Amino acid sequence: MKLTWIWKLAVLFQVSGVTLGAEKLQSYNVDRSTITISGLSSGGAIAMQYHVAFSSEIKGAAIFAGVPFGCYKVNYCMYASTVIVSNLAKDITDLATANKIDNPRNLNGTKVFVFHGTRDTTVDPAFGRKLEQLYQVFGGVTKNEYTIGAVHGFPTNFYGAPCGSSSAATYYINNCNYHGSNIAMNHLLGGSFAPPASSAAGQLLQYDQTEFGGSAVSSMDSTGFVYIPTGCQDKTRQCKLHIAFHGCAQSKTNLNDIYARKIGMLEVAEANNIIVLFPQAAPNILVGNPNACWDWWGYLGANFLNKDGAQMKAVHAMQLRVSNCEQSTGCNPSVTEPPVTGGPTASTGAPRECEDNTVEFRPFPGDCRYYTLCACGTSVLLECASGLYFDPVIGKCNFMQLVPGCDANLS
Ligand SMILES: *[C@@H]1O[C@H](CO)[C@@H](O)[C@H](O)[C@H]1NC(C)=O
């Protein structure tokens, strides 16, 4: 008996030095002219860094509640009013001259989406305008949204605290009746998008980040997430690639896969055949990063915003792996595009409107662990206790076994 027990433990915890559940990141058939990135807050800051540094490879960027490239310097970024866009533009040109980043001429014509809520008291909304101006210096084709009454958080149309309320309990994700992921991705990839799928029916996988330099030294997790839409599992089909950076306190250590699953990006990706890489930072007090922020102020040293920065290099290596269709893994670099699955009749993922005069609990489409409280015209997402699913028949959480038809989409 004892041997059996030990054997089971060995199977559970061993494997090949790779964290349990995390596999080697695979390569896929990616159209490399369609690689885009996004991020919230510190993730928005590193998304812009990454875009500027690798501008020859990145097609567009969506920056939510972020700050401009290189604005960490004293007096550059103390307050938004002290940010001098021409100084930052000169820094970009100087870094390119020193071959530390790609030539910013690549940014001419690149698509950029900037979101900043009017009620953001964490990062002054004026930073959003400054980063948009910086992109415009280099010819970025920008679209912005500065009018929504959002606090500091990712705007969705289905998950999170009400738009203007503190979203600490819903992990800095807010229900603003505004599908941030869909609107941003539509701009970056040129419209004619299929509406988001009603559920993310593809696979959200965990992959090993350590082979790319993800470790305590780079304040990164040993594991990241990657979403493979249903249409991209056949590697003879060509797909797009998006890289999404979480904000501070949104890493795997903080909230597992909530950022990946609740910003609406998976449903957009599912409908439009976009593979989504969610690299994961991790807290490391020793390097001065207790909240798992991405490095936009130099806690890992002077290279942090150029191509030699530890996090920049690590994510770039992941990008190359995912997009480098290795035929040995069964990938066939043909150009057949998978059929678009969304179609004009697909749901937008928006729950039924909450009328002013109703108070009720409703099931959350596609995931029985969650349900919504609909009251006074807004809905709030709630989660059943571990082991329970929301049971629409009784209108509350119930034992899993008593709620039929719920297992399919749970990991
Ligand atoms: C972008 O490219 C266009 C066309 O080549 C050129 O006219 C324009 O001056 C460029 N803009 C910037 C900011 O370099």
Scan the chain and note any complete DSSP helix (H) whose C-alpha atoms cover at least 24 Å along its axis and whose Kyte-Doolittle average is -0.5 or more. none
Between 44, 247, 309, where does the largest GNM mean-square fluctuation fall for the chain, given springs only between Cα atoms within less than 10 Å? 309
Quick one: among 85, 52, 287, which has the greatest mean-square fluctuation in a GNM of the chain with alpha-carbon springs under 10 angstrom? 287
Dipole of segment 13-327 [Lys/Arg +1, Asp/Glu -1 at C-beta], most positive-end residue of 210, 148, 278: 148
Before anything else, pin down the relative contact order of the chain: Cα pairs under 8 Å, at least 6 apart, normalised by residue count, whole percent. 18 percent
List the lysines whose Cα lies under 18 Å from the Cα of residue 262, skipping any in the same chain that are fewer than 8 positions away. 252
Most exposed first by the Cβ proxy, i.e. fewest other Cβ within 10 Å, how do 316, 187 rank? 316, 187
Residue 78 versus residue 393: modelled label distance in nm, points set 7 Å from Cα along the beta carbon direction: 6.5 nm
Exposure proxy check: 158, 69 ranked by fewest other beta carbons within 10 Å? 158, 69
A student applying the Cα gyration tensor rule (rounded when a/c is under 1.5; otherwise prolate if a/b is larger than b/c, oblate if not) would label segment 13-327 rounded
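So for segment 260-338, averaging the separation of alpha carbon pairs under 8 Å that are six or more residues apart and normalising by length, what relative contact order in percent results?
Computed value for segment 260-338: 13 percent relative contact order.
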Report the one residue of 97, 135, 69 whose Cα lies farthest in the direction of the positive end of the charge dipole of segment 60-143 (charges on C-beta: Lys and Arg +1, Asp and Glu -1; origin at the Cα centre). 135
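Throughout, read-outs are computed from the coordinates displayed, never taken from laboratory work. No experiment lies behind these values; they were computed from the predicted model shown. Here the Cβ is made from the backbone with ideal geometry for all residues, glycine too, and neighbour counts use every protein chain on show.
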